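The numbers here are math on the coordinates, done by the rules we state, and not lab data. What you are looking at is a predicted structure, and each value in this text was computed from that prediction instead of being measured. Virtual Cβ from ideal backbone geometry, glycine too; neighbours counted across all protein chains shown.
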Amino acid sequence: MSSNFHPDGTLFIVSGPSGAGKTTLINTVREQLEPIGIKLYFSVSHTTRKPRAGEVDGRSYHFVPPDQFAAMAARGEFIEWAFVHEQRYGTSKAEVRARLDRGEDVILDIDYQGARQVAADAELKPRLLNVFIFPPSFEHLDRRLRDRGLNSEEEIQTRLQKAVDEIDAGKEFYDYVIINDDLNVAAECLKAAIIAKKLQTKTALEAITAMAGRLKEERDGRFARGH
Ligand code: ADP
Ligand code: 5GP
């Protein structure tokens, strides 16, 4: 099947306050976009925080001790890294660059400080889409963090405190903002943003010329056969 989508590896960043629904939305859209030909690789970040119940090393995060993280950062092995809720989190340069160079699409769940660093990278910027996920209200965010059952009361308080600052700090450089009230509606919005970016080619004229050439050959073939 010929693809509707351009072959340039694209980087999708999903940011937003803890509990807004980033993980849920990313998992939903990854599953729903694959059948139409968009395969999104989730980049597994490195972090100094401890694993929570049910988190698997190498799948949720690469859990590393602080000295190892610091050494990696000093060697320039992260595209971006930041302190988030008193822990360090970073995105592997080797993994993301290799995938983008192979024409694969990568999705990141990183905070606004990381999103800002990536947006400042002149090489990555043209192949980047930044999406910010908003909770419908503070009340919803509070309830979701509690119902998720992953964080201690102290962690919930820090996350709620930071939520408003994050929204404020990130607002100027996101391409799209999606309110995650109804999950299905928010997933449709995120899919639409991703699909639109994958249709947007830098070489539209080249793509159209190639397509017209292919159709012309098919037409000529058919008429040559006398149909
Ligand atoms: P984040 O990755 O942004 O921290 P999660 O994806 O873990 O957030 O979502 C936080 C909690 O809220 C989870 O328990 C999830 O099931 C729930 N959740 C996510 N989206 C919605 C939604 N639209 N409506 C209700 N609950 C939601
Ligand atoms: P959690 O510890 O709850 O999984 O994540 C806390 C926050 O860290 C989330 O806002 C998430 O987006 C952010 N985060 C996860 N990985 C990275 C990363 O590699 N870089 C940056 N800057 N933030 C990250």
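Summary table
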item: Positive-end extreme of charge dipole, segment 1-142 - chosen from 27, 53, 90 (charges on Cβ); result: 90
item: Rounded to whole Hz, the Karplus (6.51, -1.76, 1.60) HN-Hα couplings of segment 135-141, x for glycine and proline; result: x, x, 7, 4, 4, 4, 4
item: Amide proton proximity set for residue 179, modelled H, under 5 Å, gap of 5+; result: 134
item: Karplus-derived 3J(HN,Hα), 6.51/-1.76/1.60, for each residue of segment 95-100, Hz, glycine and proline x; result: 5, 5, 4, 4, 5, 4
item: Residue 42-residue 87 FRET efficiency (beta carbon distance; Förster radius 30 Å; 0.05 resolution); result: 0.95
item: Residue-by-residue Karplus 3J(HN,Hα) for segment 146-157, coefficients 6.51, -1.76, 1.60, Hz, glycine and proline x; result: 6, 5, 5, x, 9, 10, 6, 4, 5, 5, 4, 4
item: Among 206, 31, 172, residue whose mean-square fluctuation peaks in a GNM of the chain (springs only between Cα atoms under 10 Å); result: 206
item: Average Cα contact separation per residue, the chain, under 8 Å, 6 or more apart, as relative contact order %; result: 30 percent
item: Residues 33, 160, sorted so that the one with the fewest Cβ neighbours within 10 Å comes first; result: 160, 33
item: Segment residue 220-residue 2, length gained on full extension (0.36 nm per residue, minus Cα span); result: 76.5 nm
item: Total charge dipole magnitude, segment 11-226, about the Cα centre, Cβ charges on Lys, Arg, Asp, Glu only, Debye to nearest 20; result: 840 debye
item: Label-zone membership for segment 65-100, site residue 123, 7 angstrom Cα→C-beta point, backbone N under 20 Å; result: 72-82, 90-100
item: Among 23, 209, 47: highest mean-square fluctuation, GNM of the chain, C-alpha pairs under 10 Å; result: 209
item: Cα centroid of segment 90-138 to Cα centroid of segment 1-51, whole Å; result: 10 Å
item: Gain in span if fully extended, residue 157 to residue 99, counting 0.36 nm per residue against the direct Cα distance; result: 17.2 nm
item: Inter-probe distance in nm under a simple model that places probes 7 Å from Cα toward Cβ, at residue 188 and residue 175; result: 2.1 nm
